[in-house]
Each structure stands twice: as C-alpha cells, then as structure tokens.
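Okay, structure first, notes after.
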C-alpha cells in the first residue's frame, strides 16, 4: 500500500499503517531527545502555560510521535514539541508516544505536516522547513510541495521570504508585518532599503496595497511613457513661424486628422500681449 502524504488526513497523515513499531506507549520525558530539524523555533509562553494547565487536568490527549535512537534507550522526537514542553511544565514524568521508524528526511516532512496542520508555524519557520527539504535533500519545489500538501507556488513564495533583510525578518516573525507586507518588501534590492521602507510601514500603519505602492515609488517604477510621434519637417517649420509671429513658445500636436496648438505665456503681461495680437482685427 503506498504511503499517504499531505495535509487533511489528521493523525493518519503522520502514522500510515504498517510503519509503526507498536501501539501507544508511555515513555519517560527524559528519554525523548529534541528534533534537530524541528522547523518551529518559537513558542508562545502563554499558550504553553494554558496547554500545561489542560494537561494537568486531562493528561496528554494526543500521543507524540518519536523514532528510536540506535541504542533503543532513547527516542528522537518527530512531532509534538509543544505538547512535550507543556508536559514538562505540568510536571509529568512520562508521556504517551507512538514509535515510528523514519528517515531523517521524513522527520522534517512530518514535523512540517504537524505544524502546518495546526497553523503553528510562522512564515519564516515554514520557509526554513522548505529550505531543508529543497537544499539538504535536493527536492524540487514541486516535490517538496507534494510532501507537505501545499502548492508549488506556495512553497516557492514562502522560500523567497528567506531573502529578507534581518530587520524585515524580525518584524515578520514578531507579527509586526504580514506575509503580504514581507513579499512586497522583497521588491527592494537591499536590506538597507527594506529597513527604510519597513520604518515607513510601521510608522504610518500601511496596509499591503499601500506598501506595494511605496515599494514601486522607491524603486522608481513609472508608467511607461507614451511614445510621441516625430514631427515632420513641415510641422517643425510651422511651429517656428508661429513662435516668431507670437514671440513665445508654441507646440503643435497632431492627433488623427486634428490636433492641438499650445501657446505658452509666462506672465499676465505676456498673456495680454498675445490676446492683442490674436484678437487684433477680429472685431469692429
């Protein structure tokens, strides 16, 4: 039977039948080693305390997933870091686990799956998990996306966040800006320019669309200038005659069968003089 992968399958996605080494068993907390490839790096202390309080009353309701270390006296955590920390806070000496034999690559995949299912990862943590799959294990973006039940575009866009400068990354991790803001900042070429734009975003409370407009201004994007038709020698000569006759700059613009004639003036006196010349003899 093929191994089922991806999101939306709950615990079954983490524990396909035939790959466990037994049922649920109790293992001493001290015997469980952290997952060195755990993508999640930050945990909300208040949420941990709330979970610890729940564990004191009800116990750990969902088993942790672990894999045996070679000497079989210790286990390496695959999924359940938050529950493990809360269990320690609650004073438990042992927790329920399901032992599963996995490869190093599968450790990353399963840790990502569990955290993504619970929306526990911030965008940068997810990006680091995807980076491990694509760089350390040479998976393509499409292959990595298939492993964790995401689209290739989602994986690619999330990986791009690792190109943010330090200040922008810290703001994203802290929740000061959204992933949409961060993606807009990626349009700036240097960490310094991203930091400068970040200051404007935070001080003015810009939304994502306003941030995108700010970035366009900073990189000097402009709407493409409308191409102007070159003047014919006859049109240039007519402009020169009008300039000489009126004593000011004249611009002739053709448009289809018609066009426009722009006569410049630079003071009220010049305007009155032009009116006198243009209107002379038109009434009487």
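Quick notes
- Once both labels are positioned 7 Å from their Cα atoms along Cα-to-Cβ, the gap between residue 73 and residue 251 label points is 8.7 nm.
- Mean projection area, nm², convex hull over Cα of segment 233-276: 3.4 nm²
- Separation in nanometres of the label points that stand 7 Å from Cα toward Cβ, at residue 174 and residue 58: 3.4 nm
- Distance between the 7 Å Cα→Cβ label points at residue 44 and residue 140: 3.8 nm.
- Relative contact order, percent, segment 233-276 [alpha-carbon distance under 8 Å, six or more residues apart]: 26 percent
- Net length available on complete extension from residue 163 to residue 235 is 20.6 nm, with 0.36 nm assigned per residue and the Cα-Cα distance removed.
- Stretched out straight at 0.36 nm per residue, the stretch from residue 243 to residue 263 would grow longer than its current Cα-Cα span by 6.3 nm.
- For the pair residue 191 and residue 29, a Förster radius of 45 Å applied to the C-beta separation gives a FRET efficiency near 0.65, rounded to the nearest 0.05.
- Most tightly packed first, judged by the mean number of other beta-carbon atoms within 10 Å of their residues, the peptides 247-257, 197-207 read 197-207, 247-257.
- Built from the Cα atoms of segment 158-219, the convex hull projects on average onto 3.5 nm², one quarter of its surface area.
Computed from the coordinates by the stated procedures, all read-outs in this text should not be read as laboratory data. Keep in mind the model is a prediction, meaning the values are calculated, not measured. Neighbour counts run over all protein chains shown; Cβ positions are idealised from the backbone, glycine included.
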